[in-house]
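Here is the structure we will look at.
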Amino acid sequence: MKIVNRDVPPRVAWALEQAGVHPLLARLYAARGVRSADELDPALTRLLAPATLKGADEAARLLADAIARNARICIVADYDCDGATACAVALRGLRLLGARQVDYLVPDRVVDGYGLTAPIAERVAARGANLLVTVDNGIASIEGVRRARALGLAVLVTDHHLPAAELPEAQAIVNPNQPGCGFESKAIAGVGVMFYVLLALRAELRARGAFDAASQPRLESLLPLVALGTVADVVRLDANNRRLVAQGLRRVRAGHMPAGMAALFQAAGRRAAQATTFDFGFALGPRINAAGRLADMSLGIELLTTDDAGRAQQLARELDAINRERREIEGGMREQALQVIDERLAALDEPASALCVFDAGFHEGVVGIVASRLKDKFHRPSFVFAPSTAPGHERELKGSGRSVPGFHLRDALDLVAKRQPGVLLRFGGHAMAAGCTIAAAHFASFERAFTEVAEQELDAAMLTRRIETDGPLAPEYLRADLADLLAGEVWGQGFAAPTFSDEVRITSQRLVGEARNHLQLKLKLQGRDVDAIWFSRTEPLPERPLLAFRLDVNEWRGERRVQLLVEGAQT
């Protein structure tokens, strides 16, 4: 563990402060690459123009023509939170803009696999659809699009994932990462892409005289869903994404959100009036994702599209129960995985450069979460495998991996495929997360090949966990109102929430919680007595460690006191 401080350009921080930004926020924003106060303006008028998104105009004409002839439109969604929110935005938005026949289909993670496949295209055609629209998938669906076209369907692909050399032969493709697209926000989520398509469609319908600027449908009502999907998909929060999230949060805090989102806040025990990006990423998002992992994502989509408050409450309770089951399964799998690794570590000085774990009792819907937990604990690229439960694929293993900075997971799988032909049946993904399918008999071969790639690509520095912090926090900022100020801002992937660091003196420490697995601390920080807690930590700390921590508020019997949430220690 190494704690390092971010660089703060002093002139930029000063300029932001002179522009009216709070001094603490000015320092934090400058360290995250913000160069002017204009970048912090969340106004909708500052969003990137839809016209700069390649394919948006063609998509708008395709959809406008479909609405004009009352065509049947079918949305094909992905089974994660980004896909669910993108589907809900598409359904709600198209209906607002005049579509009268629009429904959706979401593949089953186990039975159908990911994306628009040929069988999915056939199911869409069997429903009598005329236009198929993908959300958060489709850019790699060469065969699926080809089959849909052969069946007489028009196809619009909206996606944000990286394309391969060959693009699907759709009537229109909207993806900021496709060749020739000048849209600056390459990190926009799938739900954001669909929102932009609706903005382009509204402009097209306005040009056709369907309504004017004063009477046009208010697509801003969809921004709470856009914000939720953007944060939950852990895309980089560039300036455009931050504006989308800020606008969504503003509406949620004012009580303007779909009934399903309000019900999820209640089920999660969170306050919508004080909503933060943390709520989206760690309270609402996981409950929706749980449906796609263990049940049917149509539950999540119905929740986000219903306007019946009673039905929303019922669905939110169902998703909350599914999420509790997901946590129980994940906890058991994590303990098993750690036991396997601990047995290996008994014969080694330190973990190998990569970790691969399989157990016949693992659930394929949770392997990605467990891989993430292993990666966090050991700071190693980690793959977790479970038996495939798809019909006809019983002798296969489904794996999900998570990586550390500097090790491109998808490229590593490509190297494994080239060095060990036949081991990988299917694979795909990105730098930090990827998935693959292998024959059960090839697990050991995959583990050896993947570990060899990691040993060649990773050095000791890359295998040392680093926590970037914003340095010491002045004593005058140890206040509940400052903690509230920080919590209310938009933080997330690529725009990290504030983490501070300082040398402290521990005055007392003890284990708390039902399982006695949280370390509660009392400490001296720059001469002040402060309470702190380190969740999921059981080992005691020395008297004077260098701690990395976040500012938080502990509420007890109506009293609000500052506490520190410890993220790491350098001793």
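What follows draws every value from the coordinates through simple rules; no lab data is involved. The structure displayed is predicted, hence computed values, not measured ones. Don't worry about glycine lacking a Cβ; one is built from the backbone with ideal geometry, like all the others, and counts go over all protein chains shown.
Based on alpha-carbon atoms, the Kirkwood radius and the radius of gyration of the stretch 348-457 give Rg/Rh equal to 0.94. Put a dot 7 Å past the Cα of Gln314, heading toward its Cβ, do the same for Glu452, and the two dots end up 5.7 nm apart.
Placing a pseudo-label 7 Å from each Cα along the Cα-to-Cβ vector at Val512 and Arg123 gives an inter-label distance of 4.8 nm.
Annotation: extensible slack from Gln336 through Glu503 equals 56.5 nm (criterion: 0.36 nm per residue apart, minus Cα-Cα distance). Applying the Karplus relation 6.51 cos²θ - 1.76 cosθ + 1.60 with θ = phi - 60° to the stretch 412-423 yields 3J(HN,Hα) values of 5, 5, 4, 5, 4, 4, 6, 7, 10, x, x, 6 Hz, where x marks Gly and Pro.
Convert 4 °C to kelvin, take the viscosity as 1.567 mPa s, use the Kirkwood radius over C-alpha pairs of the stretch 26-111 as Rh, and evaluate the Stokes-Einstein diffusion coefficient in µm²/s, rounded to a whole number.
D, rounded to a whole number, is 81 µm²/s.
Checking every one of the trypsin sites (Lys or Arg not before Pro) in the stretch 221-291 against DSSP loop status and a limit of 13 other Cβ atoms within 10 Å picks out Arg271.
Across the cross-link table entries Lys377/Lys398; Lys2/Lys377; Lys377/Lys418, which are compared at the Cα atoms, the separations over 24 Å belong to Lys377/Lys418.
How far is it, in nm, from the label point at Asn5 to the one at Gln526 when both lie 7 Å from their Cα along the line to the Cβ? The answer from the label model is 1.1 nm. The ellipsoid equivalent to the alpha-carbon distribution of the stretch 469-570 has semi-axes of 20, 16, 15 angstrom, derived from the gyration tensor eigenvalues as √(5λ) and listed largest first.
When shorter helices are ignored and each DSSP H run of at least 4 residues is given -39500 (n - 2.57), the per-residue value for the chain at 222 nm works out to -12000 deg cm²/dmol.
With θ taken as phi - 60° and the Karplus curve 6.51 cos²θ - 1.76 cosθ + 1.60 applied, the whole-hertz 3J(HN,Hα) list for the stretch 535-548 is 5, 6, 10, 10, 6, x, 9, x, 5, 10, x, 8, 9, 9 Hz, x standing for glycine and proline. For the stretch 388-481, GluC sites (Glu not before Pro) are listed when DSSP marks them as loop and at most 16 other Cβ atoms sit within 10 Å of their Cβ; the list is Glu394. Could you tell me how far the Cα centroid of the stretch 477-492 sits from the Cα centroid of the stretch 106-168, in Å? A separation of 43 Å, based on Cα centres.
With only Cα atoms counted, the chain has Rg and Dmax values of 24.4, 74 Å. Length gained on full extension, Ala441 to Leu425: 4.5 nm, using 0.36 nm per residue less the C-alpha separation.
Rank-order 20-27, 300-307 by packing density, defined as the average count of other C-beta atoms within 10 Å over each peptide's residues, highest first. Intermediate values should be presented prior to the final figure.
Details: 20-27: 17.4, 300-307: 22.5.
Per-residue Cβ counts within 10 Å, averaged per peptide and sorted highest first, yield 300-307, 20-27.
Largest first, the three principal axis extents of the alpha carbons in the stretch 267-368 are 58, 31, 18 Å in whole numbers.
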